[in-house]
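Here's the structure, in structure tokens; my notes come after.
Bear in mind that the values in this text are calculations on the coordinates, not laboratory data. Note that the coordinates shown come from a computational prediction; the quantities given were computed from them, not determined experimentally. Here the Cβ positions follow ideal geometry from the backbone for every residue, glycine too, while neighbour counts run over all protein chains shown.
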Amino acid sequence: MRNLTHRLPQERRIVTALPGPASTELAQRCSSSVGRAISPSTPGYMVDGDGGVLVDADGNSFIDLASGIAVTSVGASDEKVVEAIREAAGHFTHTAFMSTPYESYVQVAEKLNEIAPGDHDKRSVLFSTGAEAVENAVKISRAYTGKSGVVVMDRAYHGRTNLTMAMTAKNRPYKSGFGPFASDVTRVPMSYPVRDGLTGEGAAARAIYQMEKEVGPENIACVVAEPVQGEGGFIVPAEGFLPAIAAWCRANDVVFVADEIQAGMCRTGDWFAVNHENVVPDLMTTAKGIAGGMPLSAVTGRAEIMDAPGVGTLGGTYSGNPVACAAAVAALDQMESQDLAARARGIEQIIREELEPLTSTGRVAEVRGRGAMVAVELIDADGNPDAALTGSVVTACLAQGVLVLSCGMDGNVLRLLPPLVIDEALLREGLGVIADAVRTTVGQGAVNA
């Protein structure tokens, strides 16, 4: 995998105890000024980042296998993205597109319409966060169909607003104590091959039966699904599941919404995860990697569906901020010119090469995922989800200067989301730390496979 040019040294470097004194002081300030509900998972306070590294206030350099939760796919300070932000902010930081429009919003919409699956006429609208995009996809679906029901998958994650909390499956830390939630949301089973043993068609038939019997297609406005589930555990549905669900939606006047917020923007080795099975959604939500770290999200879809809501019914004060749009234009160009989709496929190959041998420990159920969105599911000796082992591995990796996240309904999944611009040597070094941490934690010693 060809190395790219980076501003910072691409190295893992731990020079203080973690956290160091500067980060410790910042943590103390945080505890006395920031609400406790916001609780950072790593002790270091970051001051710089580039390529595949983040540097904290004490000079410790971490290998970044998180990308700000799949956001900084082009790196945390891509030169062209930074320059686009400077240029845009030098003219104006905000005008509100709904009242005084600007070209960069239109440019982003044009590009999303171009790269979205399907050759039909498309439209896009921009927002600020992923949850906003999901909510507006539901609003658009309801306006188009005249129906109200929303169907989501088990283990789904769609956001933290009231409606998206209802759509999100995991109780803690996202939902507990925050109800009542929005109504008319039904959850059906997703394909989870390592656990349910079903083919894609079989898993789809199970979900469709439940939709037909518990809700009825005449009441369903949309089915919202992540083509690769994120917080739910990086679950890749069995081949055939998504096409069957999309076909059922088309046959029953139900809008099929692909939530590509985490899996999209080259993350899984193509512009969008649905492309892997040639699924063409009616609507698609994007965010995270779209703008190189700036807050931006979008709904893109069939023109006749997107234009169903009345004039002036969608939007928001900050929706499609001009600086974020300028960053998105640059980030999308970098994804294309650097062929980051191909890099994501190369990253997957390297991850599998380094981590699939861990299945021999008996404590790794599988290594799964697509592109640079790969999970390692950890289990105990009896085959049950092992959240304690997962937490220990995450902690051990952090102590060695590697940032890795966990996820899953049972908290037993390591999720790997490296920047798509990470150098191969740095990636392999980080993966080696993970492999050693797993072997050490399960008591087999840090030895090579």
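The alpha-carbon positions of the chain define a convex hull whose volume is 145 Å³ per residue. Counting neighbouring Cβ atoms within 10 Å and putting the fewest first, the residues Val81, Val55, Val74, Val47 line up as Val47, Val55, Val81, Val74. Rank Gly292, Gly310, Gly51 by mean-square fluctuation in a GNM of the chain with C-alpha springs under 10 angstrom and give only the top-ranked residue. Its mean-square fluctuation being the largest, the pick is Gly310. Once you reduce the stretch 120-143 and the stretch 229-264 to the center of their Cα atoms, the two points are 16 Å from each other. About its Cα centre, the dipole of the stretch 251-368 is roughly 340 debye, where the only charges are +1 on Lys and Arg Cβ and -1 on Asp and Glu Cβ. Cβ-to-Cβ counts within 10 Å put Cys249, Cys222 in ascending order as Cys249, Cys222, the fewest first. Given the DSSP H assignment, sum -39500 (n - 2.57) over each helix run of at least 4 residues in the chain and divide by its residue total; what's the result at 222 nm in deg cm²/dmol, nearest 500? Here the helix-only value at 222 nm equals -10500 deg cm²/dmol. Across all Cα pairs in the stretch 81-337, the calculated P(r) in 5 Å bins from zero up to the longest distance comes to 1, 7, 14, 18, 19, 17, 12, 7, 3, 1, 0, 0 percent per bin. The GNM of the chain, with springs linking C-alpha atoms under 10 angstrom apart, assigns the highest mean-square fluctuation among Pro357, Pro217, Pro385 to Pro357.
Each of His158, His120, His276 has some number of other Cβ atoms within 10 Å of its Cβ, and from fewest to most they run His120, His276, His158. Of all aspartates and glutamates in the structure, the ones whose alpha carbon falls short of 19 Å from that of Lys213, not counting any fewer than 8 places away in one chain, are Asp154, Asp184, Glu201, Asp253. Within the same chain, lysines fewer than 8 places from Lys80 are excluded, and of the rest, those with a Cα less than 22 Å from its Cα are Lys111, Lys288. As a length-normalised measure over Cα pairs under 8 Å and 6 or more apart, the relative contact order of the chain settles at 22 percent. Say we join alpha carbon atoms closer than 10 Å with springs in a Gaussian network model of the chain; which of Arg29, Arg352, Arg439 then has the biggest fluctuation? In this elastic network of the chain, the residue with the biggest mean-square fluctuation among Arg29, Arg352, Arg439 is Arg29.
A straight Cα-to-Cα reach below 18 Å connects Lys139 with the lysines Lys122, Lys147, residues fewer than 8 places away in its own chain not being considered.
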